[in-house]
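Okay, structure first, notes after.
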Amino acid sequence: MGETNRQIVLDHLPQGDKLAREHFRLTETQAPSPGEGEVLLRTRYISLDAANRAWMQGATYRSALESGQVMAGGALAEVVASNAGHLKPGDLVFADTGWQDYAVLPGKRLTRLPALEPMTHLMSVYGIAGLTAYFGLLECGQPKPGETVVVSAAAGSVGSIVGQIAKIKGCKVVGVAGGADKGRWLVEELGFDAALDYKAGGLRQQMKEAVPEGIDVYFDNTGGEIFETCLFAMKNHGRIACCGAVSQYDGAAPPHGPRGIPGLIVTKRLTLRGFVVMDFDDRREAALKDLQGWVADGRLKVQEDIIDGLENTPAALIGLLNGENRGKRMIRVR
C-alpha cells in the first residue's frame with residue numbers, strides 16, 4: 001500500500017544492566033499487506049507495562065524476546081484492510097502488534113472492540129489493566145467487607161484500580177508507592193485510607209503504624225522488599241495475589257529472595273496465588289459490566305498517562321520502570 005512502517009527494534013538485550021535507550025533502534029520499512037484470513041492493523045495506542053521488561057529476561061506466559069526483533073507489546077489498533085469476514089476497516093481491536101505503525105495478524109485471533117469515548121479506556125480500565133485488577137483482587141484475593149487490603153505499585157495502572165475496587169467492596173485500603181506526591185494523590189483523589197512511601201525508608205515501621213492489626217489481602221505488583229514487608233505483616237489465613245515483580249525486572253538480580261518463605265506461609269497458613277488475566281477470559285463480560293457501572297457512578301476514577309510519538313516509546317517504558325507514571329501509561333502513535 002506504499003505506506004512507511006516505522007518499527008522500534010530491540011537492538012540487543014540488557015545483560016544484567018538497567019534498560020536504556022541504546023537497547024533500542026528505530027527502523028523503517030514498507031507496510032505489510034494482509035494475506036488470506038489476515039488483517040492489516042494500524043496502531044493507535046501502544047500499551048506500556050512492566051511485563052515488557054520481563055519478556056527480555058526469558059520465557060514467561062509468552063516466548064522470550066530476542067535481539068533484532070520488533071519490540072513486543074500490545075496495542076489498541078484500527079483495521080485498515082481485512083480479509084477476515086468478521087472485521088472491517090475502521091474496527092478497533094486489541095492486538096499484539098509490537099512497537100510499530102502497522103502489523104498483519106490472523107483475523108481469527110482478533111475480536112472487535114466496542115466503539116466508546118474516550119477510546120483510551122479500552123486500554124486502561126476496560127483493558128488488561130482493569131481486568132487484571134478486578135480478577136486478581138476479587139478472585140485471588142477474595143476480600144471481605146471490613147478487611148484490610150494492601151497493594152504495591154499503588155499509583156500504577158493496575159494498583160490504582162485495585163485499591164479503588166477494594167474500597168468499593170468495603171475494605172480498608174493501604175497503598176505502597178514511591179514519593180509523597182503519589183501518596184497524597186492516592187489518599188486525596190482515589191480514596192485510599194493510607195499510603196506508604198517505600199522511597200522514604202523504614203517501610204516495616206510505616207506498615208506497623210498503618211496496619212497494626214495486620215493485612216488480610218496483599219496484592220503484589222513488586223516482589224522484593226515490599227513483598228517481604230507485607231509477608232511479615234500478614235494475618236493468619238491471609239491471601240496474597242501475585243501479579244508481578246517490577247522491582248526485579250530491571251538491572252541485576254536481587255541478592256536474596258524475600259525472607260520468611262516458606263516459614264511464614266506455613267505458620268500463618270497463607271494462600272499465595274499467581275495469575276495472568278487470560279485465566280479469566282470466560283468471565284470478561286461480567287467484569288466489564290461491573291467496571292463500567294463503577295466508572296459511570298463515579299466510584300472508580302480513571303487515570304491515564306498518555307505520551308505522544310512512537311519514537312518516545314523506549315524512554316516511556318524506562319520511565320515507567322522508574323515509577324514516573326500515575327495510572328495507565330500508553331503511547332499515542334499518531
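The values are calculated or read from the model by the stated rules, or taken from the named source; none is laboratory data. Predicted model, so just to flag it, every value in this text is computed and none were measured. Virtual Cβ from ideal backbone geometry, glycine too; neighbours counted across all protein chains shown. The accessibility values were calculated without ligands, DNA or RNA, using every heavy atom of the protein model including side chains. Shrake-Rupley method; radii C 1.70, N 1.55, O 1.52, S 1.80 Å.
So what's the back-of-envelope 222 nm ellipticity for the chain, counting only DSSP H runs of four-plus at -39500 (n - 2.57) apiece and dividing by all residues, rounded to 500? Calculated from helices alone, the mean residue ellipticity at 222 nm is -6500 deg cm²/dmol. Tell me whether the stretch 220-298 comes out rounded, prolate or oblate; compute the Cα gyration tensor, take square roots of the eigenvalues as a ≥ b ≥ c, and use a/c under 1.5 as the rounded threshold. Prolate, since a/c reaches 1.5 and a/b exceeds b/c. Helix 284-296 axis versus longest C-alpha principal axis of the chain: approximately 70°, rounded to the nearest ten. Potential lengthening of the chain between Thr271 and Ile168 amounts to 34.8 nm, from the contour at 0.36 nm per residue minus the alpha-carbon distance. Dipole check for the chain: with +1 at the C-beta of Lys and Arg, -1 at the C-beta of Asp and Glu, and the Cα centre as origin, the magnitude is about 760 Debye. With protein chains left intact and a 1.4 Å probe, residues in the chain average 44 Å² of accessible area per residue. Just the protein heavy atoms count here, and of the accessible area of the chain at 1.4 Å, carbon and sulfur take up 49 percent.
Working from Cα pairs under 8 Å separated by at least six residues, relative contact order for the chain is 18 percent. Modelled spin labels at Phe232 and Asp281, positioned 7 Å past Cα toward Cβ, are 4.2 nm from each other.
Per-residue 3J(HN,Hα) values for the stretch 115-128, derived from phi via the Karplus relation 6.51 cos²θ - 1.76 cosθ + 1.60 with θ = phi - 60°, read 7, 8, 10, x, 5, 4, 4, 5, 9, 10, 5, 9, x, 4 Hz in sequence order (x marks Gly and Pro). Using the average count of surrounding beta-carbon atoms within 10 Å as a protection proxy, the listed peptides 125-135, 77-87, 156-166, 17-27 rank, highest first, as 156-166, 125-135, 77-87, 17-27.
Each residue of the stretch 315-324 was assigned a 3J(HN,Hα) from its phi angle through the Karplus curve 6.51 cos²θ - 1.76 cosθ + 1.60 (θ = phi - 60°); the sequence is 4, 5, 5, 4, x, 4, 5, 8, x, 5 Hz, with glycine and proline shown as x.
Rounded if a/c is under 1.5, else prolate if a/b is larger than b/c, else oblate: which is the stretch 167-310, with a ≥ b ≥ c the root eigenvalues of its Cα gyration tensor?
The shape class here is rounded.
Projecting the Cα atoms of Ala233, Gly263, Met278 onto the charge dipole of the stretch 205-288, computed from C-beta unit charges around the Cα centre, puts Gly263 farthest toward the positive end.
Axis of helix 159-168 versus longest Cα principal axis of the chain: the two differ by about 60°, to the nearest ten degrees.
Sequentially through the stretch 263-278, phi angles give Karplus couplings (6.51, -1.76, 1.60; θ = phi - 60°) of x, 5, 4, 6, 5, 8, 6, 7, 10, 10, 9, x, 7, 10, 5, 4 Hz, Gly and Pro residues having no value and appearing as x.
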